[in-house]
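Note sheet for the following structure.
Throughout, read-outs are computed from the coordinates displayed, never taken from laboratory work. The structure displayed is predicted, hence computed values, not measured ones. Every residue, glycine among them, receives a Cβ derived from its backbone with ideal geometry; neighbour counts consider all protein chains shown.
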Amino acid sequence: MSQIENPLLKENVRKDWIDYNGHMTDAAYAVVFSMAVDQLMIELGINADFRDNHQYSIYTLETHLCYLAEAHEGQALQVKIQLLDYDTKRLHVFFTMENEKGEPLATSEQMLMGMDMNDGRPAPFPTGIHSRIESLAGLHKSMPMPKQAGRTIAIRRK
């Protein structure tokens, strides 16, 4: 396995990602995190050829995005990944988007599911993919739980 590098993704804020407030739109943050999922799939061995040949992919089941700071046109971004948990079909991942100084701009906690594309049903990770996931888990097992992981949305009452 080629080790999944941190950062997983490097990108610059595109002009069409800027909103009327002069910073990156909420939808653009989601786009960048979606690009990070695509890159994760490639790193795990699930590229276009693999999907075509095996009719297997990864779908996003749930995402929780936290906006921490503004990003502006042309700004360099990087997305880092931490694998929080996994089983035979699912990945619980945590992405952190940072600026060029390594300061967090946003986080995205996601539940991803391995899918048989013929049946449209969940399916276990193929052996080679599962081995790469286990290697990634080994690399991340001693990392502390991110502060934003596991949060719920609620109005806090006193």
note = Rounded to the nearest 10 degrees, the helix 127-140 long axis (Cα) sits at an angle to the longest Cα principal axis of the chain of 40 degrees
ask   = If you line up the long axis of helix 26-44 against the longest principal axis of the chain, both from Cα atoms, how many degrees apart are they, to the nearest 10?
value = 30 degrees
request  = Please compute the net charge surrounding ILE18, taking Lys and Arg as +1 and Asp and Glu as -1 over other residues with Cβ under 13 Å from its Cβ.
outcome  = -3
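Length gain on complete extension for the stretch ALA149 to ALA27, per 0.36 nm per residue less the alpha carbon to alpha carbon distance?
Values: separation 122, 0.36 × 122 = 43.92 nm, distance 2.04 nm.
Gain on stretching ALA149 to ALA27: 41.9 nm.
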request  = Return ARG90, ARG121 ranked ascending by Cβ neighbour count within 10 Å, so the fewest neighbours appear first.
outcome  = ARG121, ARG90
remark   = Sorted by chain and number, the residues with a modelled amide H under 5 Å from that of LEU9, at a separation of 5 or more or across chains, are VAL79
